[in-house]
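Q: Pasting in a structure now, in structure tokens, and then I'll have a few things to ask.
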2 protein chains.
Amino acid sequence: MSIKRKNRLSIDALYKGVLSGDKVTLSRAITLTESTLSEDQELATELIEKLLPYTGNTIRIGITGVPGVGKSTFIEALGVKITSNKKKLAVLAIDPTSQRSGGSILGDKTRMETLSSNPMAYIRPSSSQDKLGGVANKTREAMLLCEAAGYEVIFIETVGVGQSEVAVKGMVDFFLLLMLAGAGDELQGIKKGIMEMADGIAITKADGNNIKSAKMAKTEYTNALHLFPPSDSGWYPKVHTCSSLTDEGIEDVWNMIKNQVKHMKANGYFSTNRESQNTQWMDNIIIEQLKSDFYSKKEIKSTINNIKNEIRDGKISPKIGANILLQTYFKK
Amino acid sequence: MSIKRKNRLSIDALYKGVLSGDKVTLSRAITLTESTLSEDQELATELIEKLLPYTGNTIRIGITGVPGVGKSTFIEALGVKITSNKKKLAVLAIDPTSQRSGGSILGDKTRMETLSSNPMAYIRPSSSQDKLGGVANKTREAMLLCEAAGYEVIFIETVGVGQSEVAVKGMVDFFLLLMLAGAGDELQGIKKGIMEMADGIAITKADGNNIKSAKMAKTEYTNALHLFPPSDSGWYPKVHTCSSLTDEGIEDVWNMIKNQVKHMKANGYFSTNRESQNTQWMDNIIIEQLKSDFYSKKEIKSTINNIKNEIRDGKISPKIGANILLQTYFKK
């Protein structure tokens, strides 16, 4: 989507508006980064460069869990805790599925009634991005804009069913996995590999009749995590039970996150990690662009399906297939 | 390394030698694929194309585990089982660390005395490849050559400590993780994410005083794996204890592998998976080449470190860094 020319703010207005923490300007700045219009893109890039000195002094938290785990209410409960500690909170979302369904995990603002009317909180629905794998990069830009606008804690929410968790892991300091107790673990639909990325697990809905099974699940997951090595940061993932209804355990989750950040700042991993995340971001953009240039070439598009069929039928090897396409590309 | 011109076999001699199952010719063919000389590469590619119709009708098994887990003796024990069932076995290795150490996990052939003197088995030390991420692709080529030479079961061994497991997972039908009981799990050094890729775990050295702790470990890992969803193939990973010393449980591991293959062939996942592995292989070669072309350009090499420093110092964003480099590249 592009922004109507006459409504476009000047870079100076955007810069001042974002820095002053004005939510409307922040939203317009984020929309600008999502625009597919190249002049919008240039403006957005310039804006982020100007705001760069005001970013980074934050805690970035990835939160994932399948639909039904109670993610919205958990985010509300944790968000209330954070904002009542006088910290400003921004909630972003990466939701590649929303492209297909047309919906958005955060599209319905009313889902987070308390937070969305809280002046200390900013909630941004996930963008319905182009399909070219740019969603993650857009989220990084939105994150920087929120940081420049004074938000000290950033949540990045995903749905726990796809590739986006790896992307989120690559842009946050703490990766939190929400799980339900006793829902039949194989039914929870959490993708393989996600549990091993977690810095912590919160078992939600630990209230009423669920308390006992939540505690059992806590033991189970603690034992399971014990079988994994610690994170690269030397941090051992923890498991907590919590209830967004009774508020029980929500503070524990927040303390866990703060402890891990403290741990990482003490051993230097916090900044090392952010540095390598930045390099990774740069590499990602480069690789995305190289791939996008390659696969969007007319000559490649017109050949690639035949090549794939020939590989499938055992007529040529994947290597020859790749060679044919690469020769076509570099000859262009 | 390149092959001395006068010692080079004709493509016809290689073709016939490999097809006849001659081990010396097979070794020379694999060496050819590893050559950095472009004429060797062309010859190797041509050879693989000719042999392609004779490949694929095999079971491909990835085996990983850290040093000390008893990988060599396990492979010997399982290998004896397989070859005594009149199946020919080839053992390949992916060992990126050998590039650095100069050694090779399979370099010392005497490590597998029984197998290496077995006419039904072929053991290939890992190649000391160039650093351009080509190791995995070379292993795929070696695998196809072994298949054309009549080897019906292929082992691809890795050390379980790095990125190569993801590559191996992408080229095998069954991914087996070897673990030690009671060694202090965090000391085992298995990288995060590897356990979740496993189709099965074998707990080694389950003999003598270890039997009890191995059985306990089996329960623990079974419970832990139960927390994960099944594989994409619908297969639930299994855990077995085994001893290469007493041969106890080795047959169970082999039966587990055969059952999983049967399961995947029945639901069609076996061929679907191989197809998508082939497409992935083609994409990997393309992306490797695009990256290699990009990062090896003189203009990129002379700029990139400055860019990284400026990103680290917060002077520019990773996006601007990427943009500068991309502009340099595409203008060339």
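Q: Out of (1) charged (D, E, K, R); (2) more than 27 Å from residue B:181 (Cβ to Cβ); (3) facing another protein chain (nearest Cβ under 9 Å), the odd one out for residue B:196 is which?
A: Looking at each condition in turn, residue B:196 falls short on (2).
Q: Could you identify the single residue in A:284, A:278 that is within 26 Å of residue A:173 (Cα to Cα), at the interface with chain B (Cβ under 10 Å from one of its Cβ atoms), free of Cβ contacts under 8 Å to residues at least 60 places away in the same chain and not charged (D, E, K, R)?
A: Step by step, each of A:284, A:278 is checked, and only A:278 is within 26 Å of residue A:173 (Cα to Cα), at the interface with chain B (Cβ under 10 Å from one of its Cβ atoms), free of Cβ contacts under 8 Å to residues at least 60 places away in the same chain and not charged (D, E, K, R).
Q: Sticking with this one: How many of the residues making up region A:138-166 are assigned to a helix (DSSP H, G or I) and within 14 Å of another protein chain (Cβ to nearest Cβ)?
A: Count: 12.
Q: Pairs needed: first member in region A:248-270, on the phi < 0 side of the Ramachandran plot and among the aromatic types (Phe, Trp, Tyr); second member anywhere, assigned to a helix (DSSP H, G or I) and surrounded by fewer than 18 Cβ atoms within 10 Å (Cβ to Cβ); C-beta distance under 7 Å; at least 6 residues apart or different chains.
A: Listed by first residue and then by second, the contacts come to A:254/A:81.
Q: Restricting to region A:237-269, name every residue that is of a type in the set (Lys, Arg) and either buried (at least 16 other Cβ atoms within 10 Å of the Cβ) or farther than 27 Å from residue A:57 by Cα (or both).
A: Matches in region A:237-269: A:238 only.
Q: Which count do you get for residues in region B:194-236 that are within 23 Å of residue A:218 (Cβ to Cβ) and part of a loop (DSSP other than H, G, I, E, B)?
A: Summing the residues that are within 23 Å of residue A:218 (Cβ to Cβ) and part of a loop (DSSP other than H, G, I, E, B) in region B:194-236 gives 3.
Q: Sticking with this structure for a sec: How many of the residues making up region B:226-235 are within 11 Å of another protein chain (Cβ to nearest Cβ) and either among the β-branched types (Val, Ile, Thr) or within 15 Å of residue B:265 (Cα to Cα) (or both)? Give the derivation first.
A: Taking region B:226-235 as the starting set, the residues that turn out to be within 11 Å of another protein chain (Cβ to nearest Cβ) are B:226-232, B:234.
Pick out the ones that are also either among the β-branched types (Val, Ile, Thr) or within 15 Å of residue B:265 (Cα to Cα) (or both) and you get B:231-232, B:234.
Residues that pass the stated criteria total 3.
Q: Only one of these conditions is not met by residue A:316: (1) touching a Cys at 6+ places or on another chain (Cβ under 7 Å); (2) among the β-branched types (Val, Ile, Thr); (3) outside any helix (DSSP H, G or I). Which number is it?
A: It fails just one condition, (1).
Q: Let me ask something additional. Exactly one condition in (1) aliphatic (A, V, I, L, M); (2) assigned by TED's automatic domain parsing to the domain that holds residue B:201; (3) at pLDDT below 95 is false for residue B:287; which is it?
A: Failing condition for residue B:287: (2).
Q: Which pairs do you get when a residue that is under 18 Å from residue B:70 (Cβ atoms) and in the same structural domain as residue B:63 (by TED's automatic domain parsing), found in region B:103-129, comes within reach of a residue that is modelled with pLDDT under 55 and loosely packed, with under 15 Cβ neighbours inside 10 Å, reach meaning Cβ atoms under 7 angstrom, with the pair 6+ apart or on two chains?
A: Qualifying pairs under 7 Å: B:116/B:109; B:123/B:109.
Q: So, one more: Within region B:39-67, work out how many residues are surrounded by 18 or more Cβ atoms within 10 Å (Cβ to Cβ) and over 26 Å from residue B:202 (Cα atoms).
A: Restricting attention to region B:39-67, the residues satisfying the condition of being surrounded by 18 or more Cβ atoms within 10 Å (Cβ to Cβ) are B:40, B:43-44, B:47-48, B:51-52, B:58-66.
Restricting the remaining residues to those that are over 26 Å from residue B:202 (Cα atoms) gives B:40, B:43-44, B:47-48, B:51-52.
Residues that pass the stated criteria total 7.
Residue by residue, here is whether (1) under 17 Å from residue B:147 (Cβ atoms); (2) basic (Lys, Arg); (3) not in a strand (DSSP E or B) holds:
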| site | (1), (2), (3) |
| --- | --- |
| B:14 | yes, no, yes |
| B:21 | yes, no, yes |
| B:26 | yes, no, yes |
| B:33 | yes, no, yes |
| B:45 | yes, no, yes |
| B:50 | yes, yes, yes |
| B:53 | yes, no, yes |
| B:62 | yes, no, no |
| B:66 | no, no, yes |
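Q: What is the residue count in region B:219-260 for residues that are of a type in the set (Lys, Arg) and within 25 Å of residue A:226 (Cα to Cα)?
A: Residues in region B:219-260 being of a type in the set (Lys, Arg) and within 25 Å of residue A:226 (Cα to Cα): 1 in total.
Q: Can you confirm whether residue B:324 is hydrophobic (A, V, I, L, M, F, W, C) and either in a helix (DSSP H, G or I) or more than 25 Å from residue A:137 (Cβ to Cβ) (or both)?
A: On the way: hydrophobic (A, V, I, L, M, F, W, C): yes; either in a helix (DSSP H, G or I) or more than 25 Å from residue A:137 (Cβ to Cβ) (or both): yes.
Yes; evaluated as a whole, the condition is true for this residue.
Q: Pull up region A:302-318, narrow it to residues that are within 7 Å of chain B (Cβ to nearest Cβ) and more than 22 Å from residue B:42 (Cβ to Cβ), then point me to the one that is farthest from the chain's Cα centre (by Cα).
A: Out of the qualifying residues, it is A:312.
Q: Tell me, please, whether a residue that is hydroxyl-bearing (Ser, Thr, Tyr), at pLDDT 80 or above, in contact with a strand residue (DSSP E or B) (Cβ under 7 Å, 6 or more places away or on another chain) and surrounded by fewer than 16 Cβ atoms within 10 Å (Cβ to Cβ) can be found in region A:220-231.
A: Checked region A:220-231: at least one residue is hydroxyl-bearing (Ser, Thr, Tyr), at pLDDT 80 or above, in contact with a strand residue (DSSP E or B) (Cβ under 7 Å, 6 or more places away or on another chain) and surrounded by fewer than 16 Cβ atoms within 10 Å (Cβ to Cβ).
Q: In region A:287-304, is there at least one residue being outside any helix (DSSP H, G or I) and within 30 Å of residue A:86 (Cβ to Cβ)?
A: Kept after step one, since they are outside any helix (DSSP H, G or I), are these residues of region A:287-304: A:297.
Still in the running and within 30 Å of residue A:86 (Cβ to Cβ): none.
No: zero hits.
Q: May I ask you to list the residues in region B:281-332 that are surrounded by 15 or more Cβ atoms within 10 Å (Cβ to Cβ) and either under 30 Å from residue A:314 (Cα atoms) or out of contact with any helix residue (DSSP H, G or I) (no Cβ under 9 Å at 6 or more places or on another chain) (or both)?
A: Across region B:281-332, the qualifying residues are B:281, B:282, B:283, B:284, B:285, B:286, B:287, B:288, B:289, B:290, B:291, B:293.
Q: Sticking with this one: If you take the residues in region A:287-301 that are among the hydrophobic types (A, V, I, L, M, F, W, C) and under 14 Å from residue B:288 (Cα atoms), which one is nearest to the other protein chains (Cβ to nearest Cβ)?
A: Our first condition is that a residue be among the hydrophobic types (A, V, I, L, M, F, W, C); within region A:287-301, this holds for A:287, A:290, A:294, A:300.
Add one more test, that the residue is under 14 Å from residue B:288 (Cα atoms), and what stays is A:287, A:290, A:294.
Details: A:287: 7, A:290: 4, A:294: 6 Å.
Per the stated criteria, the residue is A:290.
Q: Further question: For region B:235-250, state whether one or more residues are more than 28 Å from residue A:289 (Cβ to Cβ), aromatic (Phe, Trp, Tyr) and at pLDDT below 95. Give the derivation first.
A: Step one: of region B:235-250, the residues more than 28 Å from residue A:289 (Cβ to Cβ) are B:235-250.
Next cut, aromatic (Phe, Trp, Tyr) only: B:235-236.
So of that shortlist, the ones also at pLDDT below 95 come out as B:235-236.
Yes, that holds for at least one residue.
Q: Also, I was wondering about something else. Six or more apart or on different chains, Cβ atoms under 8 Å: show the pairs whose first residue is in region A:6-28 and more than 18 Å from residue A:139 (Cα to Cα) and whose second is aromatic (Phe, Trp, Tyr).
A: Pairs that qualify, where the first residue is more than 18 Å from residue A:139 (Cα to Cα) and the partner is aromatic (Phe, Trp, Tyr), are A:19/A:54.
The values are calculated or read from the model by the stated rules, or taken from the named source; none is laboratory data. Because the structure is a prediction, the values reported are computed rather than measured. FYI the Cβ positions are ideal-geometry reconstructions off the backbone, even for glycines, and counts take in every protein chain you see.
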